[in-house]
Amino acid sequence: MSRVLGLSAGAAGGSAEILLRTALAASAAENELVRLVDLDLGVQDDLDWLWEKLVECDGLIVSTPIMSRTMAAGLKLLVDRLLGPNADAAIIEQLVALRRSGTEPAVPFRVDERVLRPRVAGFLAVGGSLTPQWKTLALPLMHTLTFSMHIAVADQVVFEGAGTPRSIVLDDAALQRAATLGANVASQLGKAFDDVSYRGAPGLCPMCHLSVIELTGTAVSCATCGCRGALTPGGVDWFDRTTSVLSMAEKRAHAVEIQETAARHRLQASEIEKRAASVPDFAPATPR
C-alpha cells in the first residue's frame, strides 16, 4: 500500500495538527504522523530518522500554523538542515549516473537514489487572521519543502479564523476541505511529476498555482517558483515555464551552474584563503 507521511509543524493537538489528522484519515493510504516538536533538528540522528521517513513515503502532507505571515520556524530549519543539494533531484540524478559509470562523485552530498522516486504533496496552512495580507507568504515558503525533491503539489490551501488553540474544530467547512485535500493527494499517488493533476484552487502561475508575483515593467516572474511571463491586455502570458524551479530543466541548469562555479573557485582556492585572512576579525558576543 502507498504510504503518506503527515508532517505537523504546530503544537501537539493544535489546529494545524487537527487539519493534518483529518487529511490523513481521508487519504485511504497507510499513513504516519510526525510532529516536528518531537524532533531536535540540530541532532544528526533525528535528521537521519526524518530523512528516511521522507524518502520512503509516496505522499507528503504538511500542515503548519501561520507565524508572521509565513510557515513555522521548524519547517524553515528542516529545509536548511535536511534538504538543499542532498535532496535535489537534478544533482542526485547526475551523481547516480556517475556512480553507474564507475566514477565515485567527488562531492560531499548524500547520494540517495530514493530521492528520484515519484511523490505527491499537499499543503495545509492555518492562521487566525481573517484578512489575506497576514497569510501571503505561507504557501510560497512551503514549496521550499518539495521543489528540490521534485515532489508534485496536488493541492494547497490556507485556512483563517483559528486564532485560539484547537478552534479550527468550529469550522466544519475547513475540516471538510482538509479531508478533500487528503483525498486529492491520495488520488495522485504513484504518478510521475508531469502526470499529476493539480486539484487545488487555481492561481496565476501555471506551475505552482500561486499568485505571488514580481513585476518589472511588463515583465512578470512568479515569486514562488520563477516561471516567467509578460503582462498583456488579457492578463499574463506565461511564455517560459522552464525557468521555474519546479521544472527539471531549471534544476538541471542550476546543477551545472553549481558545478561550474565550484570548478572556478577551486582554481582560485589560494586567492580565496588569502583574501579571507585579511577580513577584520571580531570576538563574537555570547550570552555567557
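The values are calculated or read from the model by the stated rules, or taken from the named source; none is laboratory data. Source: prediction; values computed, not measured. Because the Cβ atoms are built from the backbone with ideal geometry, glycine has one as well, and the counts that use them run over all protein chains shown.
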**Prompt:** If you check every pair at least six apart or on different chains, which have Cβ atoms under 7 Å apart with a residue in region 1-24 that is under 18 Å from Ser167 (Cβ atoms) and part of a strand (DSSP E or B) first and a residue that is of a type outside the set (A, V, I, L, M) and modelled with pLDDT of 95 or more second?
**Reply:** Ser8/Glu17; Ser8/Arg35; Ser8/Ser63
**Asked** Could we say that Thr180 is in contact with a helix residue (DSSP H, G or I) (Cβ under 9 Å, 6 or more places away or on another chain) and hydroxyl-bearing (Ser, Thr, Tyr) here?
**Response** yes
**Prompt:** From the residues in region 1-25 that are among the hydroxyl-bearing types (Ser, Thr, Tyr), in contact with a strand residue (DSSP E or B) (Cβ under 7 Å, 6 or more places away or on another chain) and surrounded by 22 or more Cβ atoms within 10 Å (Cβ to Cβ), which one is nearest to Arg35 (Cα to Cα)?
**Reply:** Ser8
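For region 159-278, please list each of the helices (runs of 4 or more DSSP H) lying entirely inside it that holds at least 3 residues being among the charged types (D, E, K, R) and without any contact (Cβ under 8 Å) to a residue 40 or more places away in the chain. Write out each step before concluding.
Working: elements: 172-187, 248-267, 269-277.
In region 159-278, the matching helices (runs of 4 or more DSSP H) lie at 248-267, 269-277.
Among the listed residues Ile151, Ile168, Ile213, which satisfies the condition of being farther than 23 Å from Pro132 by Cα and among the β-branched types (Val, Ile, Thr)? Please lay out each step first, then the result.
Values: Ile168 fails: farther than 23 Å from Pro132 by Cα; Ile213 fails: farther than 23 Å from Pro132 by Cα.
Result of the check over Ile151, Ile168, Ile213: Ile151.
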**Message:** Just to verify a result, which residue in region 137-173, among those that are closer than 17 Å to Cys57 by Cα and of a type in the set (Val, Ile, Thr), is surrounded by the most Cβ atoms within 10 Å (Cβ to Cβ)?
**Reply:** Val153
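When the residues of region 196-223 are filtered to those that are more than 24 Å from Ser63 (Cα to Cα) and out of contact with any Ser or Thr (no Cβ under 9 Å at 6 or more places or on another chain), which remaining residue is surrounded by the most Cβ atoms within 10 Å (Cβ to Cβ)? Before you say what the answer is, go through the steps one by one.
Of region 196-223, the ones more than 24 Å from Ser63 (Cα to Cα) are 214-221.
With the extra rule that they be out of contact with any Ser or Thr (no Cβ under 9 Å at 6 or more places or on another chain), the set shrinks to 216-217, 219-220.
Numbers: Thr216: 7, Gly217: 7, Ala219: 11, Val220: 23.
This residue is Val220.
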**Asked** In this structure, is Gly59 within 27 Å of Asn184 (Cβ to Cβ), touching a strand residue (DSSP E or B) at 6+ places or on another chain (Cβ under 8 Å) and not acidic (Asp, Glu)?
**Response** yes
**Request:** Filter region 110-130 for residues that are assigned to a loop (DSSP other than H, G, I, E, B) and either without any contact (Cβ under 8 Å) to a residue 12 or more places away in the chain or closer than 26 Å to Arg3 by Cβ (or both) and give the result.
**Result:** Arg110, Val111, Asp112, Arg117, Pro118, Arg119
**Condition met for Ala73 (in contact with a helix residue (DSSP H, G or I) (Cβ under 6 Å, 6 or more places away or on another chain) and not assigned by TED's automatic domain parsing to the domain that holds Lys251)** = no
**Prompt:** Is there a residue in region 224-232 that is surrounded by 11 or more Cβ atoms within 10 Å (Cβ to Cβ), more than 23 Å from Leu141 (Cβ to Cβ) and touching a strand residue (DSSP E or B) at 6+ places or on another chain (Cβ under 7 Å)?
**Reply:** yes
**Message:** Given (1) over 18 Å from the mean Cα position of the chain (by Cα); (2) assigned by TED's automatic domain parsing to the domain that holds Ala97; (3) modelled with pLDDT of 95 or more, identify the lone condition not met by Asp237.
**Reply:** (2)
